[in-house]
Amino acid sequence: MPDRTADQTHVAIDFSAITPRERYKLLIGTVVPRPIALVTTRHPDGTLNAAPYSFFNCLSADPAILALGVENHADMSFKDTTQNIRLTEEFTVNIVDHAMVDAMNVCAVPFASHIDELAEAGLTAAPGEMVACPYILQAPVALECRRYVSLGLGRSREIVLGEVINMHIRTDLVDQERFYVDQLALDAIGRMGGHGYSTTRDQFDLPTMSVDQWAAAKRPLARAAG
């Protein structure tokens, strides 16, 4: 691998000296690709909601915890996702694959609260097994969650930690004895900066080395340098 350190320079950007919008642009442009959660919730009156979020990831396996960052409306009122989770303490994260891109984008349209995004996007709501909100039948994977804890970050954003209590996964994607997931067949997409998205089709394996393996790899390099 070529050493590029000799001709590289960096600029330091003080986050306290720039606006929230500028911080946002820098973060979404550098923390990439980000997985996408198409979150389904149900209001206590039965109204369904579906919305995509890329401020999302898994944080722990024991307990199984997902993190979801939901920005509030411009007037600082809660979005439907946040409000429904606060009222029901349940939500489902549907993983978005390449085939669902257009439907996911429809779910991002700022419809009024009474509009069913799943119906508008042509997606099918399937009954949840351990939560009242549905999962999306077309999604390759859906994770049923109960709210673990919520964190209000100022007035602008709500961070929701959800405990995964049930998973729906397409049968062709998982080895049910070894719990191995075929990630190429999953064909998940990621979010880049701006309006950009990425696929997960270009992959490579890189096993983590033990200390002994690292030492063995260094010896030929040391001899060549000597």
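The values are calculated or read from the model by the stated rules, or taken from the named source; none is laboratory data. A quick note: this is a predicted structure, and the numbers were derived from the prediction, not measured. Every residue, glycine as well, gets a Cβ built from its backbone with ideal geometry; the counts of neighbours run over all protein chains shown. Quick note on the areas: whole protein, heavy atoms, side chains included, nothing else; ligands and nucleic acids left out. Shrake-Rupley method; radii C 1.70, N 1.55, O 1.52, S 1.80 Å.
Taking each residue as 0.36 nm, the span from ASN166 to ALA17 lengthens on full extension beyond its C-alpha to C-alpha distance by 49.3 nm. What figure in square angstrom, to the nearest 10, would you give for the accessible area of LEU206 with a 1.4 Å probe? Per-residue accessible area (LEU206): approximately 140 Å². Per residue, the convex hull spanned by the Cα atoms of the range 123-226 amounts to 264 cubic angstrom. For the range 90-226, the fraction of 1.4 Å probe accessible surface lying on carbon and sulfur atoms is 56 percent.
Mean residue ellipticity at 222 nm from the helices of the chain, using -39,500 (n - 2.57) per DSSP H segment of n ≥ 4 over the full residue count, to the nearest 500 deg cm²/dmol? My calculation for the chain gives -6000 deg cm²/dmol from helical runs alone.
Counting only protein heavy atoms and a probe of 1.4 Å, the accessible surface of the range 1-68 is 58% carbon and sulfur.
At q = 0.07, 0.10, 0.14 Å⁻¹ the log10 of I(q)/I(0) for the chain amounts to -0.30, -0.56, -0.96, computed by Debye summation with a single uniform scatterer per C-alpha, solvent ignored.
With the simple spin-label model, which puts each label point 7 Å out from Cα in the Cβ direction, the THR9 to ARG147 separation comes to 5.0 nm.
If you take the square roots of the eigenvalues of the alpha-carbon gyration tensor of the range 60-162 and sort them as a ≥ b ≥ c, do you get rounded (a/c under 1.5), prolate (a/b over b/c) or oblate? Oblate shape, in that a/c is at least 1.5 and b/c is the bigger or equal ratio. Take the Cα radius of gyration of the range 111-155 and divide it by 2.2 N^0.38 Å, N being the number of residues; the result is 1.46. Solvent-accessible surface of the chain, averaged per residue with a 1.4 angstrom probe and all protein chains in place: 64 square angstrom.
Relative to the dominant Cα principal axis of the chain, helix 211-225 is inclined by about 40°. A full extension of the chain between SER77 and ALA132 corresponds to an added length of 17.4 nm, given 0.36 nm per residue minus the alpha carbon distance. Judged by the gyration tensor of its Cα atoms, with axes a ≥ b ≥ c, the range 3-118 is prolate; a/c meets the 1.5 cut and a/b is the larger of a/b and b/c. Say R0 is 22 Å: what FRET efficiency, to the nearest 0.05, do GLN213 and GLN183 get from their beta-carbon distance? Once the sixth-power term is evaluated, E becomes 0.35.
For the set SER210, SER150, the ranking by accessible area, highest first and with no ligand, DNA or RNA atoms included, is SER210, SER150 under a 1.4 Å probe. Think of each Lys and Arg Cβ as +1 and each Asp and Glu Cβ as -1; about the Cα centre, that makes the dipole of the range 73-226 roughly 860 debye.
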